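Undergrad: Input: one structure, supplied below.
Coordinate-derived values only; no laboratory data. Computed from a predicted structure; not experimentally measured. No Cβ is skipped: glycine too gets one built from the backbone with ideal geometry, and neighbour counts run over all protein chains shown.
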């Protein structure tokens, strides 16, 4: 798909502060599942921002403002062409070694019993990861299925996604990703936290999912909340060990952030 993204963030700062620092992970990179055609970030001070690649391979911007306004608007625009690889990213060049993502963090401690049933199993790693994704959904609950939504597995197979028996308040996507990542790491499988855009039913959201490493296929995207391997409806922004290391906008001092995202599908889909 060829997706035009228009993402507006409104940041409300405390009155009277003399300085504010903004750390942005809002720049996607081209890779096996997406090609960034054009991309821009507009906000006060962005012209003087430090731009660097962090330890996880993300493009970061650091903006320092003196006597900032009480409201800062960040506007992100760009066009990305995505490809459906059934979740498989492979082994992109220049990334940290997969072993980095075996590290357990405070947010990715596996809950008791979540990974236990998969220890010493005879399943392949790929089958274990699919079963683990289903297990996380069973534990945390699943949203109502979107029309015609199907589960796309990394081997190209399909299965109908499950729907919750009744509408209920569900945890945020980050909780599903953390549960999956924690259980995978408890099984000594490298797994990492991903943020980006998810496009569904004509709407886009800033979303979180996971990627896990298979010795044969490399990195594979898993979205435990929606029970799918990532498809061409996903645009990757940044990744890290968990939600603390992959935050779209981090500020000092901490501020309230309000999101508004518009995402249009172009008629010129990729072949």
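Undergrad: May I ask you to give the average projected area over all directions of the convex hull of the Cα atoms of segment 193-271, in nm² rounded to one decimal?
TA: Projected area, direction-averaged: 7.1 nm².
Undergrad: Scan [x] 18.8, 61; [y] 19.8, 83; [z] 17.6, 51 for the value of Rg and Dmax of the Cα atoms in Å calculated from this model and give just the label.
TA: [x]
Undergrad: How high is the relative contact order of the chain, in percent, with contacts defined as C-alpha pairs under 8 Å that are six or more residues apart?
TA: About 30 percent, as a whole number.
Undergrad: When a footprinting reagent is the concern and you count Cβ atoms within 10 Å, what order do 225, 117 take, fewest first?
TA: Listing 225, 117 from fewest to most nearby Cβ atoms yields 117, 225.
Undergrad: When 5, 181, 46 are ordered from fewest to most other Cβ atoms inside 10 Å of their Cβ, what list results?
TA: Arranged by neighbour count, lowest to highest, 5, 181, 46 become 46, 5, 181.
Undergrad: Taking square-rooted eigenvalues a ≥ b ≥ c of the alpha carbon gyration tensor, is segment 195-238 rounded, prolate or oblate, where a/c under 1.5 means rounded and, failing that, a/b exceeding b/c means prolate?
TA: prolate
Undergrad: Calculated from DSSP H runs of 4 or more alone, at -39500 (n - 2.57) each and per residue, what is the 222 nm mean residue ellipticity of the chain, nearest 500?
TA: -3500 deg cm²/dmol
Undergrad: Quick check: Cα centre of segment 1-46 to Cα centre of segment 108-138, how many Å?
TA: The two parts, judged by their Cα centres, are 35 Å apart.
Undergrad: Here's a follow-up. Using the number of other C-beta atoms within 10 angstrom as an exposure proxy, rank 178, 130 with the fewest first.
TA: 130, 178
Undergrad: How tilted is helix 125-140 with respect to the longest principal axis of the chain? Cα atoms for both, answer in degrees (0 to 90, nearest 10).
TA: That works out to roughly 70 degrees.
Undergrad: Shifting gears a bit: Using a Förster radius of 25 Å, what is the FRET efficiency between residue 66 and residue 40 based on their Cβ-Cβ separation? Nearest 0.05, please.
TA: Here the calculated transfer efficiency is 0.60.
Undergrad: While we're here: Compute the angle between helix 173-186 and the longest alpha-carbon principal axis of the chain, please, reported from 0 to 90 degrees and rounded to the nearest 10.
TA: Taking Cα atoms only, the helix is inclined about 50 degrees.
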